[in-house]
1. Rounded to the nearest whole Å², what accessible area per residue is found for the range 235-313 with the 1.4 Å probe?
2. Under a cut-off of 12 Å between alpha-carbon atoms, report the aspartates and glutamates in cross-link reach of residue 248, not counting same-chain residues fewer than 8 places apart.
3. By how many degrees, between 0 and 90 and to the nearest 10, does the Cα long axis of helix 432-441 differ from the longest principal axis of the chain?
4. Between the helical axis of 280-294 and the dominant principal axis of the chain, each derived from Cα atoms, what acute angle in degrees is found, rounded to the nearest 10?
5. Can you give me the angle between helix 340-355 and the longest principal axis of the chain, using Cα atoms only, in degrees from 0 to 90, rounded to the nearest 10?
6. So what is the accessible area of the range 29-138 per residue, in Å², with the probe set to 1.4 Å?
7. In what sequence, highest mean first, do 121-133, 451-463, 79-91 appear when ranked by Cβ atoms within 10 angstrom?
8. With semi-axes √(5λ) of the Cα gyration tensor in Å as the read-out, I listed [x] 46, 22, 20; [y] 51, 25, 20; [z] 42, 25, 21; which label goes with the value calculated from this structure?
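The values are calculated or read from the model by the stated rules, or taken from the named source; none is laboratory data. Only a predicted model underlies this, so the values are computations on that prediction, with no experimental measurement involved. All Cβ positions, even for glycine, are placed from backbone atoms using ideal geometry, and neighbour counts span all protein chains on display. When the accessible area is computed, the model is the full protein with side chains, heavy atoms only, and any ligands, DNA or RNA have been set aside. Shrake-Rupley method; radii C 1.70, N 1.55, O 1.52, S 1.80 Å.
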Amino acid sequence: MPDIAFVKPALPKTGVLVLPMTEGDPPAGLAREAAEATGGLLPKALEAAGFKGRKGQTTTLYAIGPWSKVVALGLGKAADLGPEAAEDAGGALVPAISSEREAVVATDGLEAGLAAHLAFGATLRAWRFDRYRTTEKEDDKPKLERLAFATPGIAAAKSAFAPLRAIADGVFLTRELVSEPPNVLHPVEFAERCKGLERLGVEVEVLGPKEMKRLGFGALLGVAQGSAQEPRMVVMNWRGAPKGKKQKPIALIGKGVTFDTGGISIKPAAGMEDMKWDMAGAGAVVGAMAALAGRKAKADVVGLVGLVENMPSGTAQRPGDVVKSYSGQTVEVINTDAEGRLVLADVMWYCQQRFDPRCMVDLATLTGAIIIALGHEHAGLFSNDDELAQRIAAAGKAVGEACWRMPLGEAYDKQIRSDIADMKNVGGRPAGSVTAAQFLQRFTNGKPWAHLDIAGTAWSAKDRPTVPKGATAFGVRLLDRLVQ
């Protein structure tokens, strides 16, 4: 990751210069100085290259003036330039300079907060998971070590960037967890990594199978019983509310199936390797807790993750089994590949019983059906509380993690009625993501609750402005913004 610095506005004498420019506006500040330093050659070269300053547009010029490389970075129209647009521009910058050791970015024409968001976007995009790359050629590796943002408001930019850097660290933690191979990141290892949050001041408690059996976690343990890897539940408590302003905590709950074969209802072989990220909901909760603690959020927040591996074996749960959940409600297991909702059911009920939270938000790569409905552009949002749903949608929009509210209702609930138990864990093909949410709603006990089905947004098959191909960490920034 490159070091980020904020420095006094001045053109570098050599090296790489980045000029962020708005669409339709003449060069100003350092950009104007750069044009003058090249005797007017720079603007002529940009015009010849077709650079207009459009959002996301980058144009690279080589050996112009005293600089080895000049990168013009389009910001779009000045009237539309906000934090998200600045972040996207910062992300678009990284591929253009990844082969360089360092660069100076002329942000003297931007308000200090926007300069910080530009740096934030570059930071998010520059992340790379290369732990298992052992034969990569040196020339193929990114070389960027330092980005200096030239701004007159150095102190203000540093102040604005500090919490953003903490959020980035939370995003990176989630991306790392989701990227890890399943032979490395099993439930026990995942729980151990959660303990790393203690250095940030988060209280971390780990429950093993004995504790969960004693509590009566029949639904979660039923999913885990086919695996040689023991399950875990992790409770993370951040107590950041000022003294005298203590409130019931906000609860964040994540599905953590570290690998999902489907169990006895086994998945097709093609694409099963993707099921290493069936723990992305839990990963997002851990990353969000890291972000909140890292920026010293003034709120009380509890994060809970249920960690299991869903495997077929002689001890695995069978279709047709009936399990008793921690709530006392019984579930007929029709399909062992509908396991995430069973994990969440016990964790959600435990959360209410122990913490009595103001509200609960769960995140889970729960259904393939949500991808059919919404593709990879939106997470599915389900809620029993209109205000909470509106807050989540607004938080997602503000940070570029879009959600689309989906319906709940009695007609859908009827689809999960069982002939021999209180409910069954699937309701058939119609409205599969909705009936999964209806299942979860039976474990909310009327508490304000929202469910985010992130199956379509947890992983990206292509690079995006601030998200390199792979694990997206969807939900970390949304949850952080929601708590704010």
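1. On the way: 2650 Å² over 79 residues.
Roughly 34 Å² per residue, with all protein chains present.
2. 300, 356
3. The two axes meet at around 70 degrees.
4. 60
5. So the helix axis and the longest Cα principal axis differ by about 90 degrees.
6. Working: 5030 Å² over 110 residues.
I get 46 Å² per residue for this part.
7. Numbers: 121-133: 18.5, 451-463: 22.2, 79-91: 20.5.
Sorting 121-133, 451-463, 79-91 by mean packing, highest first, produces 451-463, 79-91, 121-133.
8. Of the listed options [x] 46, 22, 20; [y] 51, 25, 20; [z] 42, 25, 21, [x] comes from this structure.
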